[in-house]
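Peer 1: Pasting a structure here, questions to come.
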């Protein structure tokens, strides 16, 4: 038959003890903690203690918790004691210590436990026993140990309940409802809005079609993402967006070519330049030279700065090309002043031969 916790025999006091160990120190510095609770044969808790025990391993800390409860028992004359733990090593060592040799780190803990019982033993009046129980029958001590690990700095005797301790004590007596299953259900369709507004348009940045880094040397370098011919493909008969197309260009007048731009295109001023101005349809976004486009030439032609713009653009274009040209070894040696020394070394080698 399954039980959460069982009452001790008549006139017995049951000691539940548990220890938790952290593999790494917590932010508060704790590495272990012990929880101990003593209850009488009616299930009433008569003594509690919990908190960290620095410098002790798990076995030593459990024995220290039992020792603290045993000392309190001698003061209150608890002659009949029943100990419950989940640590099988402690359970077997207490039962079989007469038939085994204790290790050096066990002698102090088990020696104190044996001494307090032997020096206060009375035939037919005092008795002690120990049981190894499954974890669910030691849950209160487990909770106390974890609470002390996270919230206390030293092992302390408790006069009042801390945290949810009273819930676990009542649970051991069967005086609570079953804990609910904490499962998150699938909320299919949860949060949907009926007839909601359409999602906003996703803005995407297109990759440079020339697969080059836009250098600061070429401030006019634009990706080929917009086309505007004399007969554009995306013609807008309403003229709603014409004013914003090529906004800031000198040849743009309220979304149409200015009179000066039309005269330049008609009189053949730009025909001696790239072939795009000689064709029937002028593509202003067609590349012309190093970082130059048709729109740039027309813009500077209207402003009267075409020649200066072309000279500056070609100069920067040559600079861009030279960024990726490596010098010959002879040029490097000559720049470092090592060319003459290399010649001397060759002459010396030939003379020695």
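We did not get these values from a lab; they are worked out from the coordinates using the rules stated. Predicted model, so just to flag it, every value in this text is computed and none were measured. Every residue, glycine among them, receives a Cβ derived from its backbone with ideal geometry; neighbour counts consider all protein chains shown.
Peer 1: On full extension of the chain, what length is gained from residue 71 through residue 262, given 0.36 nm per residue of separation minus the C-alpha to C-alpha distance? Don't skip to the answer; put the middle values down first.
Peer 2: On the way: separation 191, 0.36 × 191 = 68.76 nm, distance 10.78 nm.
So the extension gain works out to 58.0 nm.
Peer 1: With each pseudo-label sitting 7 Å past Cα toward Cβ, what's the residue 114-residue 307 distance in nm, one decimal?
Peer 2: Distance between label points: 11.4 nm.
Peer 1: Sort 20, 329, 37, 176 so the one with the fewest other Cβ atoms within 10 Å of its own Cβ comes first.
Peer 2: Details: 20 22, 329 8, 37 27, 176 14.
With the sparsest Cβ surroundings first, the list reads 329, 176, 20, 37.
Peer 1: Then there's this: Rounded to the nearest 0.05, what FRET efficiency do residue 127 and residue 156 have when you use their Cβ-Cβ distance and R0 = 35 Å? Write out the running numbers ahead of the final one.
Peer 2: Details: r = 29 Å, r/R0 = 0.82.
Once the sixth-power term is evaluated, E becomes 0.75.
Peer 1: Can I ask one more? Fully extended, how many nm does the chain gain between residue 26 and residue 96 (0.36 nm per residue separation, minus their Cα-Cα distance)?
Peer 2: Details: separation 70, 0.36 × 70 = 25.20 nm, distance 3.53 nm.
Additional length available on full extension: 21.7 nm.
Peer 1: With a ≥ b ≥ c taken as the square roots of the eigenvalues of the C-alpha gyration tensor of region 6-135, please select rounded if a/c is under 1.5 and otherwise prolate if a/b is larger than b/c or oblate if it is not?
Peer 2: It is oblate, given that a/c is not under 1.5 and a/b is not larger than b/c.
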